[in-house]
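Below is one structure, written out as structure tokens; comments come after it.
Read-outs: derived from the displayed coordinates by stated rules, not from any lab. Model, not experiment: these values are computed from the prediction.
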């Protein structure tokens, strides 16, 4: 374990970025992460009538990897992306097509 020079938190030896304050051991400074803007949907749970929480964009594909040539056959499968929303009360999951922003 090593110690972050900025916030004194313990960091794994193989990490170059502090988990607590985003201090970079390589650049010797705190890294600022810019948040991406996203068009938010106002979607309510059909059961609970409370707003769904956006969980992220997930990528799925149809088909299975076949033996040794599995990665080669990945080029021929159908891939889809969906936005995933979750109800915090009943834990219902809903998929929507990603919005263009």
Checklist entry - Taking 0.36 nm per residue of separation and subtracting the Cα-Cα distance, what length does fully extending residue 55 through residue 81 add? => result 8.0 nm
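Grab the Cα-Cα distance for residue 22 and residue 6, subtract it from 0.36 nm times how many residues apart they are, and report the gain in nm with one decimal.
On the way: separation 16, 0.36 × 16 = 5.76 nm, distance 0.93 nm.
Going from the current span to full extension adds 4.8 nm.
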